[in-house]
1. If you find the alpha carbon centre of the stretch 123-153 and of the stretch 2-80, how far apart are they in angstrom?
2. Taking a quarter of the surface of the Cα convex hull of the stretch 45-114, what do you get in nm²?
3. When Lys and Arg each count +1 and Asp and Glu each count -1, what net charge do the other residues less than 13 Å away from D145, Cβ to Cβ, add up to?
4. I'd like to check one number: the per residue accessible area of the chain, probe 1.4 Å, reported in Å² as a whole number.
5. Please work out the FRET efficiency for the pair C82 and E15, using the Cβ-Cβ distance as r and a Förster radius of 41 Å; give the result to the nearest 0.05.
6. Could you look at the chain and say what percent of its accessible area is carbon and sulfur, using a 1.4 Å probe and all protein chains?
7. Averaged over every viewing direction, what's the projected area of the C-alpha convex hull for the stretch 93-133? Give it in nm², one decimal, please.
8. Quickly estimate the mean residue ellipticity at 222 nm for the chain, helices only: each DSSP H run with n ≥ 4 gives -39500 (n - 2.57), and the total goes over all residues, rounded to 500.
Amino acid sequence: MNTPVTHYLDKEGVEYRLLPHSQPAKTIEEAARERGVDPQQMVKSILLRDMGGFHVLACVPGPAQVDPKKVRAMFGCRRMTCADASDVEKVTGLVIGTVAPIGLKRPLPVIFDHQITAHTLVNISSGDRMAGVELATDDLLVLCDPLFADICR
């Protein structure tokens, strides 16, 4: 299976393991079950936008929730909300549920919650609803060079 994320990883020469799904997952818990991994190892990528159209990709461990107030404070934005489905696709080139912090349509500021580094391997979306990707946390950090902050609720 070739996806936007696996294509990017292949191009960068990064080792990964493709984890196919038997059916599309609608939640982090379903995706973790399909992949046979701990939900804490999942990296959830949420596109946030301010009212002026500035976008940030906030990444937290699977079961956690992003606190937009914490993210907006980092960038001095007055208001920041989750981007809608059409905005997500337009900005990232991927549909909701398939967004990863790499393989994006265009560069974006990426923020990771510190908790992501608790595991040596992480799971990200592959850019396709029918698979995830497992890779070394250190490789992911090198590829997306994120900012770090406490951004969970």
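The values are calculated or read from the model by the stated rules, or taken from the named source; none is laboratory data. As the structure is a prediction and not an experimental result, all values here were calculated from the model. Neighbour counts run over all protein chains shown; Cβ positions are idealised from the backbone, glycine included. For accessibility, only protein heavy atoms count, side chains too; no ligands or nucleic acids. Shrake-Rupley method; radii C 1.70, N 1.55, O 1.52, S 1.80 Å.
1. A separation of 6 Å, based on Cα centres.
2. Mean shadow area of the hull around the Cα atoms is 4.4 nm².
3. On the way: positive: none; negative: E12, D138, D139.
Local charge sum for D145: -3.
4. 50 Å²
5. After rounding, the FRET efficiency stands at 0.80.
6. Carbon plus sulfur share of accessible area: 49 percent.
7. Its average projected convex-hull area is 3.3 nm².
8. On the way: 5 runs with 41 residues, N = 153.
Roughly -7500 deg cm²/dmol at 222 nm, from the helical runs in the chain.
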